1. Could you say which residue among 59, 22, 29 is within 16 Å of residue 1 (Cα to Cα) and either touching a residue at least 60 places away in the same chain (Cβ under 8 Å) or out of contact with any Phe, Trp or Tyr (no Cβ under 8 Å at 6 or more places or on another chain) (or both)?
2. Has region 64-86 got at least one residue that is of a type in the set (A, V, I, L, M) and over 12 Å from the mean Cα position of the chain (by Cα)?
3. Looking only at residues in region 56-101 that are polar (S, T, N, Q) and outside any helix (DSSP H, G or I), which one is nearest to residue 34 (Cα to Cα)?
4. Name the residue, out of 55, 13, that is polar (S, T, N, Q), modelled with pLDDT of 95 or more and more than 16 Å from residue 90 (Cα to Cα).
5. Of the residues that make up region 63-70, is at least one within 26 Å of residue 15 (Cβ to Cβ) and either among the hydroxyl-bearing types (Ser, Thr, Tyr) or free of Cβ contacts under 8 Å to residues at least 24 places away in the same chain (or both)?
6. So for region 29-36 (the condition being surrounded by fewer than 20 Cβ atoms within 10 Å (Cβ to Cβ) and aliphatic (A, V, I, L, M)), does at least one residue qualify?
7. Go through region 62-75 and give me each residue that's open to solvent by less than 10 Å² (accessible area, probe 1.4 Å) and closer than 15 Å to residue 105 by Cβ.
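The values are calculated or read from the model by the stated rules, or taken from the named source; none is laboratory data. Nothing here was measured: the structure is a model prediction, and the numbers come from that model. Here the Cβ positions follow ideal geometry from the backbone for every residue, glycine too, while neighbour counts run over all protein chains shown. Areas reflect the complete protein model, heavy atoms only, side chains present, ligands, DNA and RNA absent. Shrake-Rupley method; radii C 1.70, N 1.55, O 1.52, S 1.80 Å.
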Amino acid sequence: VKLEKLKIPGAEQVIPKDLKDLFSQLTNLKLVDISDCKKGASDMVVTALAQNNPQLEYLALDECELVTGKSLKVVAEKCPNLKHLSLDGCYQVNDPAMLKIASSCPNLTYVSLGLCST
């Protein structure tokens, strides 16, 4: 599958296993918006996304409260082309993860951290 853009904001019934399986199959994603997928977007999901989509440029995880700095460090390591990162309401995101993103993603031009603990 050559899908490059996936937007499913507000898909509240999606569970982590479903998204992990999806991101293990889709390997050409450049844009992903899973904002408000409160039950489905977890560190396991974001890690699978990053490991299988190194060309990712746009990632929106607004209000994904299960996402922590742990998976964002994987994004930093695996997705050096990242340009846009939106994490509004991801209160478990921490400073070390954001420092790793900043140092590993030289093309980053947009970051939003509204209501984060950083």
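1. On inspection, the qualifying residue turns out to be 22.
2. Here is the first cut: in region 64-86, the ones of a type in the set (A, V, I, L, M) are 66-67, 72, 74-76, 82, 85.
Among the residues that remain, those that are also over 12 Å from the mean Cα position of the chain (by Cα) are: none.
No; the residues of region 64-86 include none that is of a type in the set (A, V, I, L, M) and over 12 Å from the mean Cα position of the chain (by Cα).
3. The qualifying residue nearest to residue 34 (Cα to Cα) is 86.
4. On inspection, the qualifying residue turns out to be 55.
5. Yes, there is a match, as at least one residue in region 63-70 is within 26 Å of residue 15 (Cβ to Cβ) and either among the hydroxyl-bearing types (Ser, Thr, Tyr) or free of Cβ contacts under 8 Å to residues at least 24 places away in the same chain (or both).
6. Yes: one or more hits.
7. The initial filter retains those residues of region 62-75 that are open to solvent by less than 10 Å² (accessible area, probe 1.4 Å), namely 64, 67, 69, 71-72, 75.
Once the filter is applied, which keeps residues that are open to solvent by less than 10 Å² (accessible area, probe 1.4 Å) and closer than 15 Å to residue 105 by Cβ, region 62-75 yields 69, 71, 72, 75.
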